[in-house]
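Engineer: After the structure tokens below, expect a handful of questions from me.
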Amino acid sequence: MERENWWEHKKGLLLAIMALAWPTLLEQFLQTLVQYIDSAMVGRIGAEATATVGISTTVTWLVNGPLFAMGIGFMAFISREMGAKSYEKVKEASVQSVVVTIAAGVVVGIVTLAISPLLPIWMGAEEAIRRNASIYFAIICLPMLFRSAIIIFGAVLRAVGDTKTPMYVNVCMNLVNIVMNYIFIYDSRVITIGSMKIKMFGFGYGAVGAGIGTAISFIVGGIFMTVALYKNKYVSPAGCKIRAEKDILQPIIRIGFPVAMERIATCLGHVVFASLVTGLGTVSFAAHSIALTVEQAFYIPGYGMQTAAATLAGNSIGAKDQKRLHELTRMLMVIIIIIMALSGALLFVLAAPLLGIFTKDTEVIALGTVVLRMVAVSEPLFGVLIILEGIFNGAGDTVKPFYYALFSMWGVRVLFTYLSLNVFHLGLYAVWACMIANNVTLATFFIIRYFRGEWNPLNKIIENE
């Protein structure tokens, strides 16, 4: 009987994890699938088009960093208040999310548009792609207010356990992106479906057209996510005055600010890292960009379950349920190690065929295959890193992880990449070795912190009692 109760208890925990995780997993999968399609469509134009889009990839991570950070702040605060059943606080926090979304969207939008002409030069892009790279970046940053709504409102909805609605919004957004890409990337052409021949209209804007398609999809996604926020019974700001409230914003900013600093510092590291890689030439940078795109599909399980980790950790802390917190975190890590081990094995085997989806350049495929097989081995450890980051975020523990991320990015990845390329004159393989070393270092720091228990506020409550 005890064994049956034990099994039912574990089954309940697993179901709680999967109920939150599966919509985010599917959402991440669909987003990556669309990015695959996006990259494949651009890749058919040539290596220069791929490099044009790839230039902005790491800067986009930087731009999104503060937005995701505020989303994490709201998620940690709201999930904890949900666990404590403080629904009025949940509603008040949602109102503040509207204030932050508008402020962040406007400020980040102005800054990114201002730097767009200089970005390709800073990134060390070759002269041939600088103009299109600048235009592409400016276009995808124009709807920054809508991007802000997608990220922050999506985090608010997930914090109250609604992971399905953000998934549906992203599905719509991705479908719009694909359709717009077909229209804006290619010239008008005749396509054959069975025995039918259909004339397909197109503007033929190439890589710039991909930017237009992406921008339109952001606008659609931002509108839908805002509507979803106003329809949710827990967090709808309908009827509330939209104004800043210091008492609510302070704890959210206290959690979100270190995450923002961490995202900015690490993303700046990514920008410097990418600018170092551009020095290897268009072929190596194309291989690097495409390999990064391919790899993204294989850590979907980690980021898909990270939301569940953050929300459930916050709920357990809000409810002051120490036992449930430990059981959930351990189960999450066991699940992710198993899944990411399988994911890494698939990446190792399928590296070359997957790269072939995006390019027919044999040199690019050969380079990309080796680096993907290198990173495949470290996927389980990377999965643990992602889950622990989610747990720490849900617990509001963001300061020490910021220092760890800062050191591993700048003291490991950037420093050793610089030495590898400019002192030892090594190639792309050495660059990816430095990238893997960065992830291993950060994962090691996170694991040590987890077992020390300093991240868990319930430990301090127990000590005081």
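Engineer: Can you find, within the range 225-255, the residue that is modelled with the lowest pLDDT among those that are of a type in the set (Gly, Ala, Ser) and over 16 Å from Glu81 (Cα atoms)?
Structural biologist: Gly239
Engineer: Let me ask something else. For Thr311, work out the one condition from (1) closer than 30 Å to Thr50 by Cα; (2) at pLDDT below 90 it doesn't fulfil.
Structural biologist: (1)
Engineer: Taking the range 348-403 only, how many residues are of a type in the set (A, V, I, L, M, F, W, C) and under 30 Å from Gly314 (Cβ atoms)?
Structural biologist: Here the count works out to 12.
Engineer: I need the full set of residues from the range 253-285 which are farther than 30 Å from Ile339 by Cβ, assigned to a helix (DSSP H, G or I) and more than 18 Å from the chain's Cα centre (by Cα), in order please.
Structural biologist: Residues satisfying the conditions are Ile253, Arg254, Val272, Ser275, Leu276, Thr278, Thr282, Val283, Ser284, Phe285.
Engineer: Quick check, is Val384 of a type in the set (Val, Ile, Thr), farther than 15 Å from Gln296 by Cα and assigned to a helix (DSSP H, G or I)?
Structural biologist: yes
Engineer: Also, I was wondering about something else. Is the range 335-348 home to any residue that is over 23 Å from the mean Cα position of the chain (by Cα), in a helix (DSSP H, G or I) and surrounded by 15 or more Cβ atoms within 10 Å (Cβ to Cβ)?
Structural biologist: No, because not a single residue in the range 335-348 is over 23 Å from the mean Cα position of the chain (by Cα), in a helix (DSSP H, G or I) and surrounded by 15 or more Cβ atoms within 10 Å (Cβ to Cβ).
Engineer: Given the criterion of a type outside the set (Gly, Ala, Ser), outside any loop (DSSP other than H, G, I, E, B) and touching a His at 6+ places or on another chain (Cβ under 9 Å), identify the matching residue among Val431, Val440.
Structural biologist: Val431 is the lone residue from the list that is of a type outside the set (Gly, Ala, Ser), outside any loop (DSSP other than H, G, I, E, B) and touching a His at 6+ places or on another chain (Cβ under 9 Å).
Engineer: Got a sec? Which of Val283, Val294 is within 20 Å of Val375 (Cα to Cα) and surrounded by fewer than 22 Cβ atoms within 10 Å (Cβ to Cβ)?
Structural biologist: Every option except Val283 fails the conditions.
Engineer: Just need a number here: residues in the range 354-385 that are surrounded by 20 or more Cβ atoms within 10 Å (Cβ to Cβ) and of a type in the set (Asp, Glu).
Structural biologist: The number of residues fulfilling the criteria is 2.
Engineer: I've got another one for you. Could you please let me know if Ala297 is touching a residue at least 60 places away in the same chain (Cβ under 8 Å) and within 21 Å of Ala69 (Cα to Cα)?
Structural biologist: Against the criterion (touching a residue at least 60 places away in the same chain (Cβ under 8 Å) and within 21 Å of Ala69 (Cα to Cα)), Ala297 does not qualify.
Engineer: Here's something else I'd like to know. Any idea which of (1) on the phi < 0 side of the Ramachandran plot; (2) in contact with a helix residue (DSSP H, G or I) (Cβ under 9 Å, 6 or more places away or on another chain) is the one Lys320 doesn't satisfy?
Structural biologist: (1)
Engineer: While we're on this one: Could you check the range 67-92 and list, in sequence order, the residues that are of a type in the set (Gly, Ala, Ser), under 14 Å from Val235 (Cβ atoms) and assigned to a helix (DSSP H, G or I)?
Structural biologist: Within the range 67-92, Gly71, Ser79 meet the criteria.
Engineer: Would the range 390-408 turn up any residue that is surrounded by fewer than 21 Cβ atoms within 10 Å (Cβ to Cβ), out of contact with any helix residue (DSSP H, G or I) (no Cβ under 7 Å at 6 or more places or on another chain) and assigned to a helix (DSSP H, G or I)?
Structural biologist: Among the residues of the range 390-408, at least one is surrounded by fewer than 21 Cβ atoms within 10 Å (Cβ to Cβ), out of contact with any helix residue (DSSP H, G or I) (no Cβ under 7 Å at 6 or more places or on another chain) and assigned to a helix (DSSP H, G or I), which makes the answer yes.
The values are calculated or read from the model by the stated rules, or taken from the named source; none is laboratory data. Everything numeric here is computed off the predicted structure, so don't read it as measured data. Cβ atoms come from the backbone with ideal geometry, glycine included; neighbour counts cover every protein chain shown.
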